[in-house]
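The values are calculated or read from the model by the stated rules, or taken from the named source; none is laboratory data. On a predicted model such as this, the values are computed, not experimentally measured, just so you know. Here Cβ is always computed from backbone atoms with ideal geometry, including for glycine, and neighbour counts include all displayed protein chains. Just the protein is used for accessible areas: all its heavy atoms, side chains included, with ligands, DNA and RNA removed. Shrake-Rupley method; radii C 1.70, N 1.55, O 1.52, S 1.80 Å.
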Amino acid sequence: AYVFGACAHAGQFRKSGEEYWNHPVEVANILTGLRLDDATIVTALLHDTVEDTGATLLKLREMFGDDVAELVDGVTKLTKLQLSSTETEQAENLRKLFFAMSRDVRVLLVKLADRLHNMRTLHVMRAEKRRRIATETLELYAPIAFRLGMYNMRVEYEDLAFHAIYPMRAKLIGQAVKKARGNRKEILTTIKTSLEHCLEEEGIEARVLGREKHLYSIYTKMKEQHKPFSDIMDVFGFRIIVD
């Protein structure tokens, strides 16, 4: 699949000037990180071949089997959907996306990874297009990732979109968090150890995860509660997972 995709995309370049082939490889990397199956990884490597190269669905079916051909076809159709980020059309967007998911959830997972890599390389776009893609990501893709339980992807979507739509606000909140954090690792470790000790004393088996709240969640809290950063206390979050 790697060799086939590299040959199919040979001579194509992205707006950043890098070879286009880097994009499918990065999408495959994201999905490998999620420990998905071979067919999904192969689909990630080939997801743009039918739309952007001379490769046909028939050729993919012949070389990689029905499963991969169906998935690539699903991703191609999903890419062609006219999705809108206006609130009035959200229900229609979700209907289209859930229809795609009902055929095979892996189609949607490839699309989510595709959007994530596009968000990571958004800086090469002109400002207007950057804001439009970031807004769509925030209103459409981040909630879907959240509903699928993909917390890390949702957080990265939100922070990347936040930096693209409100670069100055993101920068200022980032600086404020850095200043308020002190020795972050020390604080997180101390509280985590303390919680683990208390749970152990009570005979409760659990995993304790400590994290720093991401910038966009701090920003939305400030906005919703009409509070300055100095009044936002919960910069750190802890999750206790029991059996």
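Consider Glu70 carefully, then state whether it is in contact (Cβ under 8 Å) with a residue 24 or more places away in the chain and either outside any loop (DSSP other than H, G, I, E, B) or buried (at least 20 other Cβ atoms within 10 Å of the Cβ) (or both). Spell out how you get there, then give the answer.
Values: in contact (Cβ under 8 Å) with a residue 24 or more places away in the chain: yes; either outside any loop (DSSP other than H, G, I, E, B) or buried (at least 20 other Cβ atoms within 10 Å of the Cβ) (or both): yes.
Spelling it out, Glu70 is indeed in contact (Cβ under 8 Å) with a residue 24 or more places away in the chain and either outside any loop (DSSP other than H, G, I, E, B) or buried (at least 20 other Cβ atoms within 10 Å of the Cβ) (or both).
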Residue in the stretch 110-118 that is of a type outside the set (S, T, N, Q), open to solvent by 10 Å² or more (accessible area, probe 1.4 Å), free of Cβ contacts under 8 Å to residues at least 12 places away in the same chain and within 22 Å of Lys77 (Cβ to Cβ) present: no
Failed item, numbered, when Lys179 is tested on (1) touching a Lys or Arg at 6+ places or on another chain (Cβ under 6 Å); (2) in a helix (DSSP H, G or I): (1)
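Here is a yes/no grid of residues against (1) of a type in the set (A, V, I, L, M); (2) under 17 Å from Thr220 (Cβ atoms); (3) part of a helix (DSSP H, G or I):
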{"site": "Arg154", "(1), (2), (3)": "no, yes, yes"}
{"site": "Glu158", "(1), (2), (3)": "no, yes, yes"}
{"site": "Met168", "(1), (2), (3)": "yes, yes, yes"}
{"site": "Gly174", "(1), (2), (3)": "no, yes, yes"}
{"site": "Thr189", "(1), (2), (3)": "no, no, yes"}
{"site": "Leu199", "(1), (2), (3)": "yes, no, yes"}
Extreme residue, modelled with the highest pLDDT, among residues of the stretch 223-243 that are closer than 24 Å to Lys192 by Cβ and aromatic (Phe, Trp, Tyr): Phe238
Matching residues in the stretch 1-13 - criterion: being out of contact with any helix residue (DSSP H, G or I) (no Cβ under 9 Å at 6 or more places or on another chain), of a type outside the set (A, V, I, L, M) and assigned to a helix (DSSP H, G or I): Cys7
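Each row is one residue, and each column tells you yes or no for (1) out of contact with any Ser or Thr (no Cβ under 7 Å at 6 or more places or on another chain); (2) surrounded by 15 or more Cβ atoms within 10 Å (Cβ to Cβ); (3) basic (Lys, Arg); (4) not in a helix (DSSP H, G or I).
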position	(1), (2), (3), (4)
Lys15	yes, no, yes, yes
Val25	yes, yes, no, no
Ala28	yes, yes, no, no
Thr32	yes, no, no, no
Arg35	yes, no, yes, yes
Glu51	no, no, no, no
Ala55	no, yes, no, yes
One residue from Arg239, Arg207 being outside any helix (DSSP H, G or I) and within 29 Å of His117 (Cα to Cα): Arg239
Contacts under 8 angstrom Cβ, first residue in the stretch 136-153 being over 19 Å from Leu122 (Cα atoms) and open to solvent by 30 Å² or more (accessible area, probe 1.4 Å), partner part of a helix (DSSP H, G or I) and acidic (Asp, Glu), 6 or more apart: none
Tally of residues being touching an Asp or Glu at 6+ places or on another chain (Cβ under 8 Å), under 15 Å from Ile241 (Cβ atoms) and open to solvent by 60 Å² or more (accessible area, probe 1.4 Å) across the stretch 171-211: 1
Index of the failed condition, Ala44 passing every other in (1) touching a residue at least 24 places away in the same chain (Cβ under 8 Å); (2) open to solvent by 20 Å² or more (accessible area, probe 1.4 Å); (3) of a type in the set (Gly, Ala, Ser); (4) within 22 Å of Met153 (Cα to Cα): (2)
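Please enumerate the residues belonging to the stretch 124-134 that are in a helix (DSSP H, G or I), in contact (Cβ under 8 Å) with a residue 24 or more places away in the chain and open to solvent by 30 Å² or more (accessible area, probe 1.4 Å).
Step one: of the stretch 124-134, the residues in a helix (DSSP H, G or I) are 124, 127-134.
From what is left, the residues that are in contact (Cβ under 8 Å) with a residue 24 or more places away in the chain are 124, 130-134.
Once the filter is applied, which keeps residues that are in a helix (DSSP H, G or I), in contact (Cβ under 8 Å) with a residue 24 or more places away in the chain and open to solvent by 30 Å² or more (accessible area, probe 1.4 Å), the stretch 124-134 yields Val124, Arg130, Arg131, Arg132.
Can you confirm whether Ala91 is modelled with pLDDT under 95, in contact with a Gly (Cβ under 9 Å, 6 or more places away or on another chain) and open to solvent by less than 80 Å² (accessible area, probe 1.4 Å)? Please lay out each step first, then the result.
Details: modelled with pLDDT under 95: yes; in contact with a Gly (Cβ under 9 Å, 6 or more places away or on another chain): no; open to solvent by less than 80 Å² (accessible area, probe 1.4 Å): yes.
It is false that Ala91 is modelled with pLDDT under 95, in contact with a Gly (Cβ under 9 Å, 6 or more places away or on another chain) and open to solvent by less than 80 Å² (accessible area, probe 1.4 Å).
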Some residue of the stretch 161-170 being farther than 30 Å from Leu81 by Cα, modelled with pLDDT under 85 and open to solvent by 30 Å² or more (accessible area, probe 1.4 Å): no
